[in-house]
1. With labels modelled as points extended 7 Å from the Cα through the Cβ direction, what inter-label distance (nm, one decimal) is found for Ala49 paired with Asp235?
2. Can you grab the distance from the C-alpha centre of the range 88-107 to the C-alpha centre of the range 223-244, Å, no decimals?
3. Starting from the Cα of Thr227, move 7 Å in the Cα-to-Cβ direction to define the label point; list residues of the range 1-18 whose amide nitrogen is under 18 Å from there.
4. Any idea of the accessible area per residue across the chain, 1.4 Å probe, to the nearest Å²?
5. GNM on the chain, C-alpha springs below 10 Å: top fluctuator among Gly13, Gly148, Gly89?
6. Pick from Thr119, Thr61, Thr187: which is most flexible by mean-square fluctuation in a GNM of the chain where alpha carbon atoms under 10 Å apart are linked?
7. Using the Cα centre as the reference, give the magnitude of the dipole from point charges on the C-beta atoms of the chain (Lys, Arg: +1; Asp, Glu: -1; all else neutral), rounded to the nearest 20 debye.
8. Put a dot 7 Å past each Cα toward the Cβ at Arg38 and Gln105; how far apart are the dots in nm?
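The values are calculated or read from the model by the stated rules, or taken from the named source; none is laboratory data. In this text the structure is predicted, and so the values were computed from the model without any measurement. For neighbour counting, all protein chains shown are included, and Cβ atoms are generated from backbone atoms with ideal geometry for every residue, glycine included. What goes into the accessible areas is simple: the full protein's heavy atoms, side chains included, and nothing from ligands, DNA or RNA. Shrake-Rupley method; radii C 1.70, N 1.55, O 1.52, S 1.80 Å.
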Amino acid sequence: MTSVAIVTGASSGIGAATARRLAAEGFHVLAAARRTDRLAALVAEIASAGGSATAVACDVTSDESVAGLARAADDAPGPVTVLVNNAGGARGLDPVETGSVADWQWMYDVNVLGTLRVTQALLPALERSGAGTVVMVSSTAGFTVYEGGGGYSAAKHAQTAVAGTLRLELCGRPVRVVEIDPGMVRTEEFSLNRFGGDSAKADATYAGVAQPLVAADVAECVAWCATLPHHVNVDRLVVRPLAQAAQHKVHRVGQ
């Protein structure tokens with residue numbers, strides 16, 4: 001029977017790339033996100049490549065919507081063995097002194113409470129499979145702070161705490177917990193959303209960086225962790241581009 005992988009935030013970026021990559025590994029993918037038009041295109045693309053996927057409309061900030069995702073998992077064509085908590089994002093790059101409470105609340109709700117909602121809803125199915133894997137796509141901001149990143153770093157630190165606590169609590173049960181922490185990843189939307197659609201500010205994030213990571217690089221990491229023998233648990237995988245030695249140390253050509 002085909003194993004099922006669920007990917008949240010699958011309408012773009014790392015989520016969409018992960019859905020493609022896991023489908024190529026033979027999983028039936030439940031691609032979950034709010035933008036159903038994009039999900040439909042992704043599912044069609046996966047099918048044309050010989051894979052199998054289903055689009056599921058899901059807003060991780062809504063209990064009712066996440067319950068719908070759990071029902072879709074129950075109706076899936078096989079056991080749910082992988083959950084990729086990828087939905088998340090950043091808003092603003094303001095100092096703590098002037099940071100927007102609304103932005104901080106949104107980041108916490110999506111990155112932390114969204115992860116909590118989805119994980120709680122899908123854990124029964126993952127455990128029933130006898131070989132479940134929860135992947136948390138967090139960030140290097142989950143263990144390193146930087147100016148202007150207080151809200152995002154706080155949310156990602158919290159997500160890291162969820163991953164570590166869950167791993168302890170599930171010890172002895174057939175569900176492993178993997179945390180993947182990417183550094184600088186250039187996707188079509190992350191920085192654009194962070195800066196409220198200001199493309200100049202978004203582009204400046206990557207100025208002079210010859211090869212930042214791209215979504216497919218992170219998806220490759222997810223697939224590797226998820227397809228290792230089940231007794232192998234990658235607790236935390238930190239992945240950065242070669243140009244980024246640390247959060248504050250980035251090689252930029254011509255600068």
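1. Going from the Ala49 label point to the Asp235 one covers 3.3 nm.
2. 29
3. Once the point is set 7 Å along Cα→Cβ of Thr227, 1-7, 15-18 turn out to lie under 18 Å by backbone N, inside the range 1-18.
4. About 46 Å² of surface per residue is accessible.
5. Gly148
6. It is Thr187.
7. 420
8. Rounded to a tenth, the inter-label distance reads 2.4 nm.
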